[in-house]
Structure formats: C-alpha cells, structure tokens
Amino acid sequence: MRKAIILFSLIVVVSIAAVEAKKSVSVISKANLPDTIDLPPVSKTEKAAAPESKQKVKPNVILVMTDDQGYGDLSCHGNPVLKTPNLDRLYSESIRFTDFHVAPFCSPTRAALMTGRIADRCDVWSTVYGRNNLARKEATIADFFKTSGYTTGHFGKWHLGSNYPYRPIDRGFDEWVGIGSGGLRTVTDYWANDRMNDHYLHNGEWEPYEGYCVDIFFDETMKFMKKNQQEGKPCFVYLATNVPHGPDHVLAEWDDTYRKKYKKGPHWGTVGEFLTMIARFDYNMGRLRKFLTDNDLADNTMIVYLTDNGSAQGTKIFNAGMRGGKGTLTEGGHRVPCFIHWPAGGFDQPRDINNLTHCVDLLPTLVDICSLDKPDRDCQPLDGLSLAPVLAGKKTPWDERTIIFHKQNISPKTTKWKNCAVLTSQWRLLDGRVLYDIKKDPRQRTNVAEKFPEVVADLRSRYEAYWKSLKTDEMLKNPERPVIGSEHQKETVLSSIDWIRDSAPHTWNQLHVLSAAPGSGVWPVEIASDGKYRFEVRRWPIEVNKPITAALPAQAESDTILNDHPWMMDSGKAIPAVTVKLKVGETVVEKAITDQDLFAEFSLELHAGNTQVQAWLVDKNGKLQGAYYVYVEKL
C-alpha cells in the first residue's frame, strides 16, 4: 500500500551504461571534478544529406535540461569564472540558437516543452498549488515518440503533477526515475532528501539510490540507452536534472574552487555551491558523451540541450549582457541556451541561428526530423514551429513571428495583462505598457513606448487576440484533478503543495511543514468509481512515521553541505491537535486523536465523479490547521 505563442488566427502567429553498478556510483560522486573527459572524434560516416530527409535508422534522442542555469552560466558564452569544458565542446559541435526562449519559471517551461504549446493553454501557470498539473487533454512529446516505435524514459525532475493521471508514466514514458513532482525538499519529495544517497520514484514507487542526484540521473539514462541498444530499439530520453536549482547542496569532498572564491555573505549568497553544481553537471555531460562514443551510439544520437529559465544566482557574476534572471519578464529571465548536436543528421558543424525561437518549437521540429507519427488520441493544435528548415540552412517566412506568455507564479488564477510579455524579433512589450527595442537596447534600459505608440498598439492587439483564445474562465471552472481509486495508482497521496489555498501562508516546502505553517486549502479530485475509500490524514509523511502532534527532532547528520556547513533540517514544531476533521464533498467526519496516533483513519462510501477533499488538525479551542498529507485508497 505504501509502496510566447503561435496563434494561427486573427492575423497573429504567436509562438511564443550501462555504467557502473549502483554500488560504484558513490565512488564517482565523491571524486574531484576533472576539467574534462577525453572524447575521440565522432564518426562522420553515413551523414544525412539534409535533416528533413528520412533516416533509415531512427536516431536516439536525448533532451537534456538543467534547472535554473541561465544563458550566462557557461564558459562558452563568456562567463569569466565558471568553467564548463564539456558543454563548451558540445557548443563547438552543435547548431546553436541565440534568441531561444522559455518561460521565466520551471513548470510552465516544462509544460511547453512537453506539449509544443504555450503553458497558458495547458492549465500550467504556476509551480505549486494545483496549477502545475499538465492538462489531461494534452499529448506529450513522449506520446509522439512512443507511438513511433521508440522506448521512452524520463530521468530527473518532472514538476507537472504528482498523482495519476499526471505522472510521467501516465504521460507516455515507459521508464521513470526521479524526484517528486516539485524539486528537492518540496512536500512531494521524499522527506529530508539532500541530493546524496536519496530516495527516488521508480515508476511510481520510492526506492533508495546510492550517489549524488545528477550522477544517478545520468547513470539511469545510460543504463536505459544500453538496454534499448541491446534490444535493437530506438529510445527517447528526457533527462531533466534538478541542478543547479537550490538548495545548493554539494559534497564537501569535491573541488571547492568556487566555494572558496564565493563564500556565503550579503553579496554572494550561495553562488559558490551553485557554480559547483553546474560543474558537476558539466562533468556528467562528458561522461554521457564518452558512453555514447564507447558504445557506438554517438553518430546517430541527437542531443538537445537547453535550460528551463534564467539564472537563479549566476547573474551576480555574468549575465551575457542581459537584464534580469529567473522569474523576470526581462530577457535574462527567459532567453536561454539551446544546442542541437547530431552527427548523422549534419548537426555537428558549429553554426548560430538567430531566429526568434521558443521551446514549443522543439516538439514539431522532432516530429519532422524523426518522422514521428501522431498519437492515437486527440491532439491540440501546436503553438510551435518546426525548426527543420532553419536547421537545414533554409530561409523561413516567419521572421516576424510573435511569442506571448505570462509570468504569474503562485497566482490562484490567470489575470489579463498581469506580468505578460509580447516578443518579436525587434520588440519586447512588457505588461502591455513598457516597450524595449531589443536590437538597439539589449540591456533593456530605455522604455520607448511613448516614442513608438503604433508598435505598442499593434502588440497589444496581438495580446488581446491571444488572451481571448485562452478561455481562462473554463480552466478555473474545471481545474485539473488527480483520480482517486484508479487501477493505475493504488494509493493517492494528497499533499499541501497541491492545495487550492484558502489561507495565505506557504505550504509547498518541507520546511513549511516542519515549522507548522498555518495554511489550509482544498484538493479538487475525481473519484474513479463508486465504493468504500480509506483515508489516512497525517501531519508527517509516512516515511517520517511520527505522531500527528509530535515535533520532529533535528536531523542527525548529512553528507552534503550548504554555505560551507553540513545541511541538516532543524527540529520541527509540535501541533497541539486533539481531533482530526475530514471533509469530502458535503460529508464531514471527525475523530479524536491521542499523542501517540500517527494518523487518523476514516472509511467513506463515495460515488464516482468530481468532488473536493479538505482535512484539518483541530486544537482544544477549535482552531483549524490544515493537515499536510492525506493518503487515499479504494478498499
């Protein structure tokens, strides 16, 4: 039981190895970082005449994305401090997009990447509170590859839903090893994971792994590719590491060049650890490419590398002449690197492409290049444009495309004109009123809206058409709902990161649970079928195994560091609850608890259909405090 956007109407086109066994991984993880890994030249035999030509042998595809690494966080882009030799080599052997964009935050970028559609259309505009569940109506890039004879694997960070039907294995992936739907130390992550020797979800069940997180995700990628090679199957891998996103945990044994230079303080924060994590990712990129070469996979494997938003910390050192970082509407928040390398397809000769592009373009591009079939399901119209023509060196008719998106993280609903961006090859209109000429003013220092009112009016009209197409009222009336009692997931775990909040304090992080943050909210759910359902209401997740009312003792030890000190969770705060209250639809039940009770158990007869769940811990004065976890299964 335990276990932005291409709107094809109204005139507007809006685009907006099997390596060592697990026991040896920890040895790799504790090694000092080498500058690079020696790679022999990649074979240039049987190179395709043009990328759009049909390949006799389907290429393997590895879609690699880092978390919070910005455009300037690579030495090949001019960073004067950080050294990324393996990414530099990939850069020198790839076609590079210089005006490539994503969303300013994590989940919206991932939704757009997976679907070829701007995240606003996919019901994903936030990273938490139920607004990051990828809409059921959306076909994913994995669906396209799986339909076309590929075996599909996802290793790393998902962040598009934690329960059925939103998990990777529900969205076209055959194999999945990764953290919970959010990031490290979020409420859906295994309690007290710290990047080293952690528990990860393997096809929906928590399992222990030895080693550092990014090493493990690369190991699993190589193991997966080797298995498919032995079985004669092409594979698609979505390798989405959870580095260098904070918290900035690294190993004390590693090369501490960056940590010595940039120690904690009022100006640098944890940038030293941030850079060290990027260096570790770079080292693993070298490992991956050596594996491909050693196993005769390099020539016909396509590597697509990008990042999910602007830099979280690297802007303190270098930002490639841009303004802003993660979470901003200015260029540094959403213009990121994108390299495509594929020797057999001719994508190994270095060349820059300067067209305005977006991560929604990658799905239609791969459909064209890999001759992918359409999934056997309804597919929504793609916002992306195929980059195959520009990859082949052809001129395109869409130089003046428009990309539109919002940045409304942690918002309960999307709001017109709030934190919106309209992008063209020359202009950036922010919030409908601030205009920058990105060609003449790449640092976005001068608002020229008054000088070019006709441009503002034109871009505003494009936004109006886009907004009308979103149908936001329908999204809010019909929120995405995990399914309880499905044959695909025996037990559903509802947690406070997915609340539709009815009170202000944040509850998405394990530290919020630890400190007894007084939030609450509702979980919209779907009951799969009529029958009896068992509910366990908990304050702590099952792996903690502490009473509801208990404070959690401080963590005893940790093998990772933060700000030059071992990272350990502090002690928790007790909640003096005497009863637990559960509401499912209109049914309300309540049960008294003792200081020894790990959970309160309820059994309810429920009918199939949509409803909502709420749960509270109640003190002797009747004060309500949201219960952070509810485990549900059909009996």
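The values are calculated or read from the model by the stated rules, or taken from the named source; none is laboratory data. None of the values given here were measured: they were computed from a predicted structure. Positions of Cβ are backbone-derived with ideal geometry, glycine not excepted, and every protein chain shown enters the neighbour counts. Heads up: the accessible areas ignore ligands, DNA and RNA and are worked out on the full protein's heavy atoms, side chains in. Shrake-Rupley method; radii C 1.70, N 1.55, O 1.52, S 1.80 Å.
Remark: the Cα gyration tensor places region 422-499 in the prolate category, a/c being 1.5 or greater and a/b exceeding b/c.
In this structure T330 has an accessible area near 20 Å², from a 1.4 Å probe over the protein heavy atoms. For the chain, DSSP calls about 70 percent of its internal beta bridges antiparallel. Would you please state which residues of region 521-563 a label at V589 would reach in this model, taking the label point 7 Å out along Cα→Cβ and a backbone N cut-off of under 14 Å? Counting only backbone N, you get 531-538.
Which residues in region 159-196 place their backbone N less than 14 Å from a point set 7 Å from the Cα of R136 along the Cα-to-Cβ direction? Once the point is set 7 Å along Cα→Cβ of R136, 163-167, 170-171 turn out to lie under 14 Å by backbone N, inside region 159-196. About its Cα centre, the dipole of the chain is roughly 1160 debye, where the only charges are +1 on Lys and Arg Cβ and -1 on Asp and Glu Cβ. Only Lys, Arg, Asp and Glu carry charge here, each on its Cβ (+1 for the first two, -1 for the last two); on that basis region 526-635 has a dipole of about 440 debye about its Cα centre. As a size descriptor, the averaged projected area of the C-alpha convex hull of region 540-601 was calculated at 5.9 nm². By definition, a body whose alpha carbon gyration tensor gives a ≥ b ≥ c is oblate when a/c is 1.5 or more and a/b is not larger than b/c, and region 319-411 fits this oblate description. Residue ranges 240-249, 437-446, 152-161 sort as 152-161, 240-249, 437-446 when ordered by packing (mean number of other C-beta atoms within 10 Å per residue, highest first). Look at the dipole of the chain built from charges on Cβ: of H77, I497, T415, the Cα furthest out on the positive end belongs to T415.
Of K137/K581; K471/K532; K583/K634; K418/K451, which ones are farther than 25 Å apart at the Cα? Result: K137/K581; K471/K532 exceed 25 Å.
Per-residue ellipticity at 222 nm from helix content only, as computed over the chain with -39500 (n - 2.57) for each DSSP H run of at least four residues, stands at -5500 deg cm²/dmol. A Förster radius of 56 Å combined with the Cβ-Cβ distance from K227 to E454 puts the calculated FRET efficiency at roughly 0.45.
Only protein heavy atoms count here; under a 1.4 Å probe, L74 has an accessible surface of about 0 Å².
Taking a Cβ cut-off of under 13 Å around V360, the surrounding Lys, Arg, Asp and Glu residues balance to a net charge of 0, with basic ones at +1 and acidic ones at -1.
Which net charge results when you count Lys and Arg as +1 and Asp and Glu as -1 among the other residues whose beta-carbon is under 15 Å from that of L635? Net charge in that neighbourhood comes out at -3.
What net charge is computed for the residues neighbouring W467, neighbours being all others with C-beta under 14 Å from the C-beta of W467, Lys and Arg scored +1, Asp and Glu -1? Summing Lys and Arg as +1 and Asp and Glu as -1 gives +3.
Judged by the mean number of other Cβ atoms found within 10 Å, the most tightly packed of the peptides 331-338, 131-138 leads the ranking 331-338, 131-138. With the whole protein complex present, D352 retains an accessible surface near 70 Å², based on a 1.4 Å probe. In loop segments of region 400-463 as defined by DSSP, the GluC sites (Glu not before Pro) with at most 12 further C-beta atoms inside 10 Å of their C-beta are E400, E450. Measuring nothing but protein heavy atoms, the accessible surface of the chain at 1.4 Å probe radius is 51 percent carbon and sulfur. When peptides 292-299, 561-568 are sorted by average Cβ neighbour count within 10 Å, with the highest value leading, the order is 292-299, 561-568. In this structure, L511 and H488 have a Cβ-Cβ separation that, at R0 = 25 Å, corresponds to a calculated FRET efficiency of about 0.20. Classify region 137-198 as rounded, prolate or oblate, taking a ≥ b ≥ c as the square roots of the eigenvalues of its Cα gyration tensor: rounded when a/c is under 1.5, otherwise prolate if a/b is larger than b/c and oblate if not. Since a/c reaches 1.5 and a/b is larger than b/c, the shape of region 137-198 is classed as prolate. Segment R433..Q349, full-extension length gain: 26.1 nm, with 0.36 nm per residue of separation and the alpha-carbon distance subtracted. So, R0 is 25 Å and r is the distance between the beta-carbons of R445 and V81; what FRET efficiency does that work out to, to 0.05? The formula returns an efficiency of 0.55 here.
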